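The values are calculated or read from the model by the stated rules, or taken from the named source; none is laboratory data. Given the structure is predicted, the values throughout are model-derived calculations rather than measurements. We place every Cβ from the backbone using ideal geometry, glycine too, and count neighbours over all the protein chains shown. All accessible areas refer to the heavy atoms of the entire protein, side chains included, with ligands and DNA or RNA removed. Shrake-Rupley method; radii C 1.70, N 1.55, O 1.52, S 1.80 Å.
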Amino acid sequence: MYPSHEDQHKASPPRPRRAFGLRIKFVLLFSLILIITCSTLSWYFLETRHQAMTANLEEMGSILLTTTVRNDHFRVAGIVLEDRTTLDQFLQSLMTIDHVVYVIITGSDGRLLSRESKRMRDPGRNSSHVSPSPIYPDDRLSESLTDTPLTTPLITRLVWSSDRRLIPQPTSSDWRLPFLIREETLFDFTMPILRDVTPLSSPAIELEDNRRAPLPATQSQVVGIVRIGITDGQAKAALALIVRNVLLLTIFIITTGILIIYLLTSRITTPLRSLAAATRKLAEGEDTTGLPVSSHNDEVGQLTHAFNVMTQSLRDRNHAISRNLDTIRQQVRQLTTIHQASTTIANTTLFDRNHLLDTVLRLIVDNLGFSRMMVVLQTKEQPLASIARIIGVSPEIVDGVRHLHVPIVDNGGVTAELLLHGNAVLVHDVETATHRFYPPLLELVRRSGIQSFVGVPLQSHGKILGYLAGDRGTHRCTDEDLHILMTIAGHVAAAIDNATTYADLAELTQHLEERIGQRTEELSQANTQLQEHDRRRSKFLSVVSHELRTPMTAIRSFAENMLDGVTGPLTDLQRTYLTRVQHNVARLSRIIAQLLDWSRLDTKRVDLRLETVCLHHIASIAVDSLQTVASEKNVSLVVVPIESLPPVLGDRDKLEQIFVNLIGNAIKFTPPGGHVCVEPCASSPGVVQVCVADTGCGIDERHLPNIFEEFSKVPSAMPSSQGAQLGLWITKTYVTMHHGRIWVESQPGAGSQFYIALPACESQEQAKSNPNESVSAECPQPGHMSF
């Protein structure tokens, strides 16, 4: 939500203290520029005029003095002949010039020939009877020019001293501008009067080579000095008038310029101030009217016009925002209702469908402005629809709709449109669509006072479960109401579908539990029967083994006695038959022993009595016990000697039986003249390996994976040597009990090699000392072990 005007006013930062405005800054800046420019131009003009006047005075004085000095009549008659009349004429002619203050004419010897001055020295108040005396400059300057034949005037600036004497102007510059100095300055022009003098003639001097020496050159001689004093008083008076006029003109220009600058700046800053004030009001949340546009041709007018457009846009935007806020508030209420409905659906027990529908319908009525709400669901057995829940109506209507069933028929009605086609329905006026309602349902609608109607289907996983309907009382329903119900309908449909699925699942679970109980009882009985059968099998094997061993022992004893000649001499045929009997009795004894071992390993725990043993020693004992059998069959049986072999932890009897089974099988399947070799070795660190190799018939590669299975029935090239085929399974079981491994390599006709690998005791010690290193096999701990 947007903040109110009061909140904006409180939240706005304090206004900064107002300093110089933009108009004052502009006026001061341009006024300063104008003053500096006009002052500079005025000073330049006055300085130029002052220099021009000074140059004119110097030029005028030089011309007067040069003309007078170079005048032959003045030089000969006035100076050389000292004619007073001539001197007075020239003196009076010079003094008639306004700018000339004094004229002094002296001879070459310093004598004053004539002089006159326009400046008089005031004798003072106490000397009133004394007449004023003329003022002349110091004569020392003219005396210094007596011996200097200058051809141009010597110009000296003289000023009045405090005692009214003319002295040379000091070289230190005044801080005032030259054209502002009002004191009179005299320009003293001094120039000597020269006369050309030729030296007296002398006899020519002849040189040795008869040439004559040159005559001496003409020389200039100073015959007098003329000094003229010219004042700059009139020039300074004229310059002062110019200064006054220029100053007045400059002041007028500056004043007029400042006024123009002020007016122009006001023309710029006044709209800007109006813009700033309007902007401040906008920032504070106040409404502003359009500002007057002075001109559309300049930037300020364009800015004002753009500001008016922006203000109107902001005003329109604020109105739009207000409308959008109302819409957003309504949508927030709708979303809140949807969220609450979803939360209710998520928190309601799945199978409590009635409580779920009551809660959701109540939320819709309370928050979204609907007057009445209704949920209609399809039945599973027949194409009918029934009202599951309805709120906002009288209890009589609620009781009347409990047994109302609406047939689902594709007749273009409201029910068919919702439940068959899955389309939402919006009826603005019920009376104009009475043909689309089922008659009992139309009667219900009229009794409830429904004028406008909206309904949306409840769909879940592509299946229509029913529909959700509602109205707004005296107000007509709109498309927005339709969209809201469509949004909520998805959640309600999912909840109803979940409740139905949960009910079906609960029924199925109960049925499965009953079936599982029955099957468990049957399996328990079968297990009891199997245990009884297993017990009988073990007892049968024990009894059969015991009953068979007694006659077989007697048969074997009688056969051995007869072969030893106790009953008398035997023929060759009798000896052959008795040998076969003895062989088969021994074979039968082995089969019985294997059956007993298999029965014990399959049903009972087998104990291992572990101790440190040497596999080479045990293999040698097994070989010694089978040497007689090998010799009778003419088979070579040897053990490959080895210097040192790591000991292993194992059961001596079980290990010896392992070797007896492997060596016995090798002898059985090796033809006479063959060879059986037992070779123990340390294949890898921590592992002791023994290989039992023979040169017998070998095993087909296809049957190698099944060779260690019980009752494997692997075909052999020597079927007469086969027994119950339990020996290799028992051997593998014993090897596995010792944490070892057994495998075979064989080819038909090339013999077989059976390998067993057991962990050595060193591997356990190495594992204890180096816990981070792994070994290839684990050595069992000494003591008593049960399997």
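Taking 1 over the mean of 1/r across every pair of different Cα atoms in the stretch 398-511, what Kirkwood radius in Å do you get? That comes to 15.3 Å for the stretch 398-511. Look at the dipole of the stretch 376-453 built from charges on Cβ: of LEU426, SER452, ILE397, the Cα furthest out on the positive end belongs to ILE397. The residues of the stretch 235-280 expose on average 60 square angstrom of accessible surface per residue, using a 1.4 Å probe on protein heavy atoms. With contacts taken as Cα pairs under 8 Å and at least 6 residues apart, the stretch 441-520 reaches a relative contact order of 26 percent. With the simple spin-label model, which puts each label point 7 Å out from Cα in the Cβ direction, the ILE258 to SER625 separation comes to 13.7 nm.
With viscosity 0.692 mPa s and temperature 37 °C, the Kirkwood radius over alpha carbon pairs of the stretch 415-462 converts through Stokes-Einstein to a diffusion coefficient of 284 µm²/s.
Shown are GLU507, GLU709, whose ranking by accessible area with a 1.4 Å probe and every protein chain present, most to least, is GLU507, GLU709.
The order of GLU82, GLU381, GLU184 by accessible area, most exposed first and with a 1.4 Å probe, is GLU381, GLU82, GLU184. Solvent-accessible area of HIS491, all protein chains in place: 70 Å² (probe radius 1.4 Å, heavy atoms, ligands and nucleic acids excluded).
For MET120, the accessible surface of its heavy atoms amounts to roughly 100 Å² (probe 1.4 Å, protein chains only, rounded to the nearest 10). The distance separating the Cα centre of the stretch 606-678 from that of the stretch 424-451 comes to 101 Å. Karplus-based coupling profile of the stretch 369-386, in residue order and whole Hz: x, 7, 8, 9, 9, 8, 10, 10, 10, 7, 8, 7, 6, 10, x, 10, 10, 10, with θ = phi - 60° in 6.51 cos²θ - 1.76 cosθ + 1.60 and x standing for Gly or Pro. Relative to the current alpha-carbon distance between ASP653 and ARG323, full extension at 0.36 nm per residue lengthens the span by 108.9 nm.
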